[in-house]
Amino acid sequence: MKPDQQIPRNALVWIIASQFSLVAPHAGRIPIWVLAVYVFAALWRIMVYRGSWSFPGRWVKAGLIASSFAGIFFSYGSLIGLEPTVALLLTAFALKLIELARHKDGYVLLFLGYFICITEFLFSQDLPIALYSLLNVTLVTTALVAMHRPGEHQFNRKTIRLAAVMLLQALPLMLVLFFLFPRIGPLWSVPIKTHTAQTGVSDFMKPGDISSLGKSDAVAFRAQFDGDIPGASELYWRGLVFSTLEEGAWRSLRYFDVPPAERRAPPVETTGESLQYRIIIEPTQQNWLYSLRYARPTSPGVMSGSDYVLFSPTELEDQRLYGVESWPDAILEPELSPWRREIELRLPGTDNPQTRALAGQLRSQAGSDAAYVDAILAKFRDEPFVYKLDPPLLPAENPVDAFLFQSRAGFCEHYAAAFVVLMRAAGVPARVVAGYQGGEVNPLNRTVIVHQFDAHAWAEVWLQGRGWMRVDPTASVSPDRIEWGLERALEQQGGFLSDSPLSLVRYRGVAWLNTLRLRYDALTYRWQSFVTGFDRDRQFQLLNEVFDGISVRKFLLVLAASWVLVLAPLAYSLLGRRRAREQRNCDRYYLQFCEQLAPLGFVRAPGETAGEYAARICRAVPAIAGEVGEITRLYSELAYGPVEASSGRATRSERELKQAIGRFRPARKMRFDRDPR
């Protein structure tokens, strides 16, 4: 292999560093053996560089490839899906280092590195990930720059400076493309994250499901209101409506469970003032969205179900921004259809006989359905029921009886489920609603931060003439949970965020730490709103506002003008000053030498070589022939001899030339008549 085709040592160091930096954000989602492959490949390539090992042969490479495919298959159980695909790509990226021999191999590896950098955004688009990806792009670009410096066989940290300058020069063009380049749909479909755990409220509910979320501080979504923020007791974020009880679990109605005539929600007459707000929801790999009571979406791509809940036609693989308008005082379904009434009264078999008997007794004593609701709430409030994050497990047989008459300790889902069973047993239509309640108000940007520990379940009861009414039995047992949140409600019991011991939410009492946390959350919301949420609709709205209407012709003119404004200064800096930037030190010193002789009549003619110029001077002024000859010799060696390795400073020969020219004083030795020819 020719020396000029080999990978320089400086480039090899930056390539290995960029590889480990690129795989780092994936470390938590790939098998541990993939990380071991990176260490193995780096050690092998280092030993090859030192001459201790050789490059792998054909059969060795084939064995490594087969082992990688087998390892991915046994780790994930499939080669189909986002996680196994990315893991396989990362493994190939590591193994490519072993056969890195020529420049073309380096180019393939580095261009693949840019693609690897993009794969992290398939899992997260948060601000820290974006900043870290910028670091990765800088490292890959640094390795690419080092590839074009074959003389650098020593590690040179200054290479990263040139890469950083190149990226800064590309920044204006990046901004133009971000705001003006048309948002088009994907040309291919990315496989969903089949191996990523689903977060948040599930589409079915068993005792203990929601209480498990009370131990997590993960953000479920953030909401920002146009006007005043409602009080915490009014922030009931509806997500799912559970109308069916099967085998001890509540679940929502499936699409084909609903007759075609019932699939569209009945029209609602809106009364009172509306609430307008925007929500940025975190990816859940589910379809349902969250909103306050009676919501109408103001963003495209959001639909409303027959239970007045919002949902997305596609699963939430990424953060989603959507606008909502709600009417909390609207009357929902003042009249129930026979099918809906039958569904919301259905109870399986003859389970929970004690609960049914209690319901019949209390309903006979109450004068109306509304009075019966009050009687149940009074029972929860006056009797020794306990609100507890980790209640005892309930038996599979007659669980509601065990809860109401034995344990009397439960979380919100226990009280909501028991309340709905009591309602239905007395002939009152009722259902369980799951979502979130409350939220933390960030005073810095007036957003409501809803965490997973705000997950909540309550009930909706249908009353004649009043429609569906929200009833929260948890408020009767633990008012602090509704007014102040889960932390205050569990203050005496402990267990709050037990799964997140390092969560900053646990230290909200430390003023400076809490301020830092809220500032970061405000920055995160701004990033999500203006960067990750900048979709095609928002781009069109922005351009339409800035340019007072946008057409195809106007858009193309704006795009072209922006490119000219961005690229013109860059082209001038690259081409207009190219000669000055590319001038070598020896050329600059020699021109100074020529400038010293020009006033004395020795002007260098165009096309005259350094040797011809020196010979003319020596013939005319023999007194300076020795100095002129030495300077010309030093310059010719530097200009036309072998390239001397440089670390960015002047070489020894360049310093000698500079010193010789600095000592040269031709005017002092010219004391005779001369002919400048």
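The values are calculated or read from the model by the stated rules, or taken from the named source; none is laboratory data. Since the model is a prediction, treat every value here as computed from it, not as a measurement. Every residue, glycine as well, gets a Cβ built from its backbone with ideal geometry; the counts of neighbours run over all protein chains shown.
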Query raised in the report: Within segment 319-353, which residues are within 44 Å of the chain's Cα centre (by Cα), crowded, with 16+ Cβ neighbours inside 10 Å and part of a loop (DSSP other than H, G, I, E, B)?
Result: Gln319, Trp327, Pro328, Ala330, Ile331, Leu332, Glu333, Glu344
Report summary line: The helices (runs of 4 or more DSSP H) lying entirely within segment 1-116 that contain at least 1 residues which are polar (S, T, N, Q) are 9-23, 58-76, 82-95
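Residue-by-condition table, conditions (1) within 24 Å of Ala87 (Cα to Cα); (2) within 28 Å of the chain's Cα centre (by Cα):
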position: Arg9; (1), (2): no, no
position: Val34; (1), (2): yes, yes
position: Val48; (1), (2): no, no
position: Gly63; (1), (2): yes, no
position: Ala66; (1), (2): yes, no
Query - Scope segment 519-557; condition free of Cβ contacts under 8 Å to residues at least 40 places away in the same chain and under 19 Å from Ser124 (Cβ atoms); matching residues - result: Tyr520, Phe530
Report summary line: Of the residues in segment 209-253 that are among the small types (Gly, Ala, Ser) and part of a strand (DSSP E or B), the one that is nearest to the chain's Cα centre (by Cα) is Ala220
Query raised in the report: Quick one: how many residues across segment 547-568 are loosely packed, with under 13 Cβ neighbours inside 10 Å and either more than 19 Å from Asp537 (Cβ to Cβ) or in the same structural domain as Met174 (by TED's automatic domain parsing) (or both)?
Result: 8
Query raised in the report: Of the conditions (1) under 29 Å from the mean Cα position of the chain (by Cα); (2) assigned to a strand (DSSP E or B), Met469 fails just one. Which one is it?
Result: (1)
Query raised in the report: Given Ser252, Ser243, Ser233, which one is in contact with an Asp or Glu (Cβ under 8 Å, 6 or more places away or on another chain) and under 30 Å from Arg488 (Cβ atoms)?
Result: Ser233
Report summary line: Over segment 156-197, the set of residues closer than 30 Å to Tyr76 by Cα and either surrounded by 13 or more Cβ atoms within 10 Å (Cβ to Cβ) or modelled with pLDDT of 80 or more (or both) is Pro191, Ile192, Lys193, Thr194, His195, Thr196
Query raised in the report: Which of (1) touching a residue at least 24 places away in the same chain (Cβ under 8 Å); (2) within 30 Å of Leu127 (Cα to Cα) is the odd one out, the single condition Ala27 does not satisfy?
Result: (1)
Report task. Search segment 378-410 for residues being touching a Pro at 6+ places or on another chain (Cβ under 6 Å) and closer than 24 Å to Ser243 by Cβ, and hand back the single one that is surrounded by the most Cβ atoms within 10 Å (Cβ to Cβ). Result -> Gly410
Query raised in the report: Regarding Pro328, is this residue farther than 30 Å from Phe221 by Cα and at pLDDT 90 or above?
Result: no
**Report entry** Leu504 being assigned by TED's automatic domain parsing to the domain that holds Gln354, hydrophobic (A, V, I, L, M, F, W, C) and at pLDDT below 90
**Finding:** yes
Query raised in the report: Looking only at segment 31-61, which residues are aromatic (Phe, Trp, Tyr), in contact (Cβ under 8 Å) with a residue 40 or more places away in the chain and more than 23 Å from Thr119 (Cβ to Cβ)?
Result: Trp44, Tyr49, Phe55
Requested in this report: Answer with yes or no whether Ser364 is surrounded by fewer than 15 Cβ atoms within 10 Å (Cβ to Cβ), within 19 Å of Val428 (Cβ to Cβ), more than 47 Å from the chain's Cα centre (by Cα) and modelled with pLDDT under 95.
Outcome: yes
Requested in this report: Just need a number here: residues in segment 553-572 that are modelled with pLDDT under 75 and out of contact with any helix residue (DSSP H, G or I) (no Cβ under 8 Å at 6 or more places or on another chain).
Outcome: 3
Query - Cβ-Cβ under 6 Å pairs, at least 6 apart or on other chains, segment 62-84 side closer than 16 Å to Val37 by Cα, far side among the β-branched types (Val, Ile, Thr) and part of a helix (DSSP H, G or I) - result: Ser68/Thr91; Pro84/Ile72
Requested in this report: Kindly establish whether Ala475 is in contact with a helix residue (DSSP H, G or I) (Cβ under 7 Å, 6 or more places away or on another chain), at pLDDT below 95 and not in a strand (DSSP E or B).
Outcome: yes
Requested in this report: Residue by residue through segment 364-388, note down the ones that are within 18 Å of Arg481 (Cβ to Cβ) and aromatic (Phe, Trp, Tyr).
Outcome: Phe380, Phe385, Tyr387
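Of the residues Ala87, Ala143, which single one is surrounded by 17 or more Cβ atoms within 10 Å (Cβ to Cβ), small (Gly, Ala, Ser), modelled with pLDDT of 90 or more and touching a Pro at 6+ places or on another chain (Cβ under 9 Å)?
On the way: Ala143 fails: touching a Pro at 6+ places or on another chain (Cβ under 9 Å).
Of Ala87, Ala143, the one residue that is surrounded by 17 or more Cβ atoms within 10 Å (Cβ to Cβ), small (Gly, Ala, Ser), modelled with pLDDT of 90 or more and touching a Pro at 6+ places or on another chain (Cβ under 9 Å) is Ala87.
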Report task. Considering every residue within segment 276-289, establish whether at least one is among the β-branched types (Val, Ile, Thr), modelled with pLDDT of 90 or more, in contact with a helix residue (DSSP H, G or I) (Cβ under 8 Å, 6 or more places away or on another chain) and in the same structural domain as Gly435 (by TED's automatic domain parsing). Result -> yes
